Amino acid sequence: MADPNALDFLRIPSDVLVALDWRPYHFALQPYHYLVRLTHVMSMAAFFGGIAALDLRLLGWRVTLPLRPFADLIIPWLYGTFGIAVVTGLALFFYDPVHVGSHAYFTLKLLLTVLGVANALLFHRSGYLAALAAEVPVSAHPSVHARLVGAISLALWTAVVICACLNVEAAPKLLLR
């Protein structure tokens with residue numbers, strides 16, 4: 001049984017997790033589990049570094065760097081690293097769905113990831129081209145809309161990383177004073 005938590009209402013039901021557990025896959029992946037985990041952590045770090053750089057640029061950091069060439073360089077990187085993180089994350093989840101799915105912050109991490117992707121898609125559909133076009137002078141600061149989207153994105157992806165870190169640690173058994 002998972003440790004009680006304020007986020008219990010977000011948890012995936014245990015019977016669903018048990019139904020997803022397939023031991024042949026677990027045993028097939030077992031010799032390579034550490035490589036999949038390493039790849040997942042490295043791709044998450046590479047994605048977060050890229051998205052943080054883009055979000056900070058949208059917030060007005062390094063305005064001397066033109067946004068369009070920077071975005072053209074970083075966006076394919078983000079697609080690639082995010083794709084690797086998703087594939088390896090799914091592989092790790094299905095390796096042991098009962099254990100992984102019962103982590104206190106796992107579902108919150110998934111929810112925040114969906115919100116981060118939705119934020120990026122909405123910005124790409126609504127304000128991305130306007131942000132690029134508005135920055136004709138190199139020293140121009142991004143619009144308020146672009147800054148807001150950058151701040152929300154940075155907050156969401158930082159929260160995803162925090163949830164991932166909190167999932168690794170067990171709930172404390174003893175509170176030290």
Test: residue in segment 105-118 that is in a loop (DSSP other than H, G, I, E, B) and at pLDDT 80 or above: yes
Residues (closer than 21 Å to ILE152 by Cα and surrounded by 13 or more Cβ atoms within 10 Å (Cβ to Cβ)) located in segment 73-84: ILE74, ILE75, TRP77, LEU78, THR81, PHE82
Subset of segment 17-41 that is of a type in the set (A, V, I, L, M, F, W, C) and in contact (Cβ under 8 Å) with a residue 40 or more places away in the chain - its residue that is nearest to LEU148 (Cα to Cα): VAL36
Scope segment 130-177; condition among the charged types (D, E, K, R) and either at pLDDT below 60 or part of a loop (DSSP other than H, G, I, E, B) (or both); matching residues: GLU135, GLU169, LYS173, ARG177
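Quick check on THR88: is it more than 19 Å from ASN119 (Cα to Cα), out of contact with any Leu (no Cβ under 6 Å at 6 or more places or on another chain) and buried (at least 17 other Cβ atoms within 10 Å of the Cβ)?
Yes, satisfied.
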Conditions (1) among the aromatic types (Phe, Trp, Tyr); (2) at pLDDT 85 or above; (3) surrounded by fewer than 11 Cβ atoms within 10 Å (Cβ to Cβ): number failed by PHE9: (2)
Single residue of PHE70, PHE48, PHE9 found to be under 15 Å from the mean Cα position of the chain (by Cα), in a helix (DSSP H, G or I), within 30 Å of ILE152 (Cβ to Cβ) and not acidic (Asp, Glu): PHE48
Sole exception among (1) crowded, with 17+ Cβ neighbours inside 10 Å; (2) free of Cβ contacts under 8 Å to residues at least 60 places away in the same chain for TYR105, by number: (2)
Every residue from segment 119-129 that is surrounded by 15 or more Cβ atoms within 10 Å (Cβ to Cβ) and modelled with pLDDT of 80 or more: ASN119, ALA120, PHE123
Test result for HIS40, under 16 Å from the mean Cα position of the chain (by Cα) and assigned to a helix (DSSP H, G or I): yes
Matching residues in segment 42-59 - criterion: being more than 17 Å from PRO76 (Cβ to Cβ), without any contact (Cβ under 8 Å) to a residue 40 or more places away in the chain and surrounded by 14 or more Cβ atoms within 10 Å (Cβ to Cβ): MET42
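The values are calculated or read from the model by the stated rules, or taken from the named source; none is laboratory data. Please read these numbers as outputs of a predicted model, since none were measured by experiment. A quick note on method: Cβ atoms are made from the backbone with ideal geometry, for glycine too, and the neighbour counts reach across all protein chains shown.
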